[in-house]
Amino acid sequence: MSNGYGLWLNYSKISDESMLKTYQNQLQSVLVEEGGETMGAIKKELKMGLGGLLGTEVRFKPFQASENQLIISKYAGLPRVFKEDINIDNLRGEGYMIKHVEKGGRSYVLVTGKEDIGLLYGTFHFLRMLKMHQPLASLNLEESPKVDIRMLNHWDNLDRTVERGYAGFSIWNWQTLPDYIDQRYIDYARANASIGVNGTALTNVNANALILTPQYLEKVKALAQVFRPYGVKVYLTARFSAPMEIGGLKTADPLDPQVIQWWKDKAAEIYKSIPDFGGFLVKANSEGQPGPQNYGRTHLDGAKMMADALAPYQGTVIWRAFVYSEHDADDRAKQAYSEFVPDDGKYPDNVLIQVKNGPIDFQPREPFHPMFGAMPNTPLMMEFQITKEYLGFATHLVYMPKLFEEVLESDTYQKGEGSTVAKVVDGTLSNKRLTGMAGVSNIGTDANWTGHPFGQADWYGFGRLAWNPSMSSEKIADEWLRCTFSNDKDFLKPVKQMLLESREAVVNYMNPLGLHHLFDTSHHYGPGPWVDNLSRPEWNPVYYHKADEEGIGFDRTKTGSDALSQYAPELEEKFGNLETCPEEYLLWFHHLPWDYQLKNGRTLWDGLGIKYQEGVDQVREMITTWETMKPYVDEYRFNQVSMLLGIQLKEAKWWRDACMLYFQTFSKMDFPKEMESPENTLQYYKSLKFPYAPGIRPQWD
């Protein structure tokens, strides 16, 4: 559909006539091994996919020696004649092989593996290759996921609002579940399976205990049944105080025998109706949420209690490391490391610590979180934000896989050079027993799922990187554009370039040179570098930029908060030394005078203004590029993106003007000649209010 509902799975007929004829000849019939629900899902997908792409009805047949055939079967069920051509010893359970074989003058494409789910992943990969017009003749590839748990975190509330959601309401209609199964639930499962996502946490990390009551578990069970054929396990957020709120206990102390028993009973109840339930995702003692520290206990105590309850069922506890306390005056960037690293190696085997990609909070750019590599004996799960809380919401075109890639490629140096974050996440750096990657979802009830048509690329790219954290953002962009829009090189080259540069543009017009957390209060919509009246210091932007008449930036060296000491010595040296600190992290790690000289010879003040202007200019370039894409894109999506780019330009200027006018009150310096004059006064920008900005729960009173 041109409204984008079909995502990257729209199966319109291949327009290249010679390619179409070649495929039709190579795929005269299809053999799909008989089996359960997953094999049924494969057949359904092929009917839609092959039928749509080839413009013919799919002929399902037994093995044919007389015609070219696509064969989808586990290795054990393959026709004997192919056994000598295949070796699947190196495949993991979810892995697959796609291979072209010539036999008796006929051409066969084999999709095989060890498990049904591997065949489903292989089927989606094969359909993607057809959509990308790839030749089948020399096909020989093996794919296994490098990460075990590849999941979406939905920050969806039970009233269908979505915290940090910018694409409509929650797709889970709890009111009509379990009896009404929306087609969207099935298409959601298909989309996730097509990129290898195998888990979903249905509800907000700021959890509501009601999801654990029988009334809601019946509804969760219905969703689990929809997702099961597609290999997607359901996880739930567990509110730590649930034993009191829905269990009638007087405490939620993790060492209290009654509390321990309550969680064991709750786990047994869940697994009785959802035998493949994934486990619990927990946010505790963070931003006012209850947790073990309410009782003088540790995160380790809380995680152990829940892990014991889930262990008999092979369930997993995913314990978020996003913690910071108003009672701790230390740099917020240091607190998670300080609380979790001392307990390295003490967590049970079925616990993953879920760590945000950076030490603050999903900023447009952050250095990687120092916990990565610092806990060699504890599995750490990466948490990325797919939704754009701090990146202009769903109105700004920002290609997130570029940010994900930057983090995953970062070198921790924890075991010498080459100890990348990707190797920490996939377990290869310290031989981890369990691995995971989570993405905070950008999915809602909007027709195209993600609000911005290009927001789909972030969901897609997350799945591809969770499968293989070493994949390049450029390859992902190429795949997504070909599958979603067009294979035409005159479209691909400029739009791919636009995607790959879009993340740097937003950094430039929001938070250049290492600035961070300049966002307005609560809703994080637009700039608010002047905000200083919130109840907790680390909620205020002034805490992070520390602008004064002397200069700007957060000193995290030994002369400041010493957050740099949490990194490996090589990075402490590199980031701590102004000669070697990359300028993109300059003000993250240093407080510097306004006239500090940058590498290009300009002052820091001029450099800020030039970067802000560069971001605005980059959005203008995106608009120019997109205007020339009209011949390659349907009118609906072309107009949608055009209007959104218009909003992005307006807001990029707003960011530039508001921040530079505010910082000028300290620098007392003229704007650099390269920067356009602000369109309004600082007083005007400070006066703007957005009580109904999306992404925060509305006040119903």
Matching option when the condition is surrounded by 15 or more Cβ atoms within 10 Å (Cβ to Cβ) and without any contact (Cβ under 8 Å) to a residue 24 or more places away in the chain, among F638, F589, F575: F638
Residue in region 14-33 that is aliphatic (A, V, I, L, M), open to solvent by 60 Å² or more (accessible area, probe 1.4 Å) and modelled with pLDDT of 95 or more present: no
Number of the exception - T395 against (1) surrounded by fewer than 24 Cβ atoms within 10 Å (Cβ to Cβ); (2) closer than 27 Å to G231 by Cα: (2)
Any chance Y685 is of a type outside the set (D, E), in contact (Cβ under 8 Å) with a residue 12 or more places away in the chain, outside any loop (DSSP other than H, G, I, E, B) and crowded, with 16+ Cβ neighbours inside 10 Å: yes
Candidate set: region 314-364, residues that are of a type in the set (D, E, K, R) and under 23 Å from V542 (Cα atoms); chosen: the one most open to solvent (accessible area, probe 1.4 Å): E326
Some residue of region 521-528 being assigned to a helix (DSSP H, G or I) and buried (at least 19 other Cβ atoms within 10 Å of the Cβ): no
Any hit, region 62-74, residues being farther than 19 Å from T112 by Cβ and aliphatic (A, V, I, L, M): no
Of all residues in region 127-169 being touching a strand residue (DSSP E or B) at 6+ places or on another chain (Cβ under 7 Å) and of a type in the set (D, E), the one that is farthest from L46 (Cα to Cα): D156
Lone unmet requirement of (1) outside any helix (DSSP H, G or I); (2) open to solvent by 10 Å² or more (accessible area, probe 1.4 Å); (3) on the phi < 0 side of the Ramachandran plot for G168: (3)
Hey, R536 open to solvent by less than 10 Å² (accessible area, probe 1.4 Å) and either within 30 Å of S473 (Cα to Cα) or not aromatic (F, W, Y) (or both) or not: no
Residue list for region 468-485, restricted to those being under 22 Å from D411 (Cβ atoms) and open to solvent by less than 10 Å² (accessible area, probe 1.4 Å): P469, S473, I476
In region 642-665, the residues that are under 18 Å from I610 (Cβ atoms) and either of a type in the set (K, R) or out of contact with any helix residue (DSSP H, G or I) (no Cβ under 9 Å at 6 or more places or on another chain) (or both): K653, R656
Residue among V220, V226 that is in contact with a Phe, Trp or Tyr (Cβ under 6 Å, 6 or more places away or on another chain), aliphatic (A, V, I, L, M) and modelled with pLDDT of 95 or more: V226
Count - residues of region 404-416 that are open to solvent by less than 10 Å² (accessible area, probe 1.4 Å) and not aromatic (F, W, Y): 3
Residues of region 36-55 classified as in contact (Cβ under 8 Å) with a residue 60 or more places away in the chain, out of contact with any helix residue (DSSP H, G or I) (no Cβ under 6 Å at 6 or more places or on another chain) and surrounded by fewer than 17 Cβ atoms within 10 Å (Cβ to Cβ), total: 2
Which listed residue is at pLDDT 95 or above, closer than 18 Å to I623 by Cα and among the aromatic types (F, W, Y), from F462, F454: F454
Residue match in region 287-301 (condition: modelled with pLDDT under 95 and surrounded by fewer than 17 Cβ atoms within 10 Å (Cβ to Cβ)): yes
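The values are calculated or read from the model by the stated rules, or taken from the named source; none is laboratory data. Fair warning: this is a prediction, and the values are worked out from it, not measured in the lab. Every residue, glycine among them, receives a Cβ derived from its backbone with ideal geometry; neighbour counts consider all protein chains shown. The area values use the complete protein model at the heavy-atom level, side chains included, leaving out ligands, DNA and RNA. Shrake-Rupley method; radii C 1.70, N 1.55, O 1.52, S 1.80 Å.
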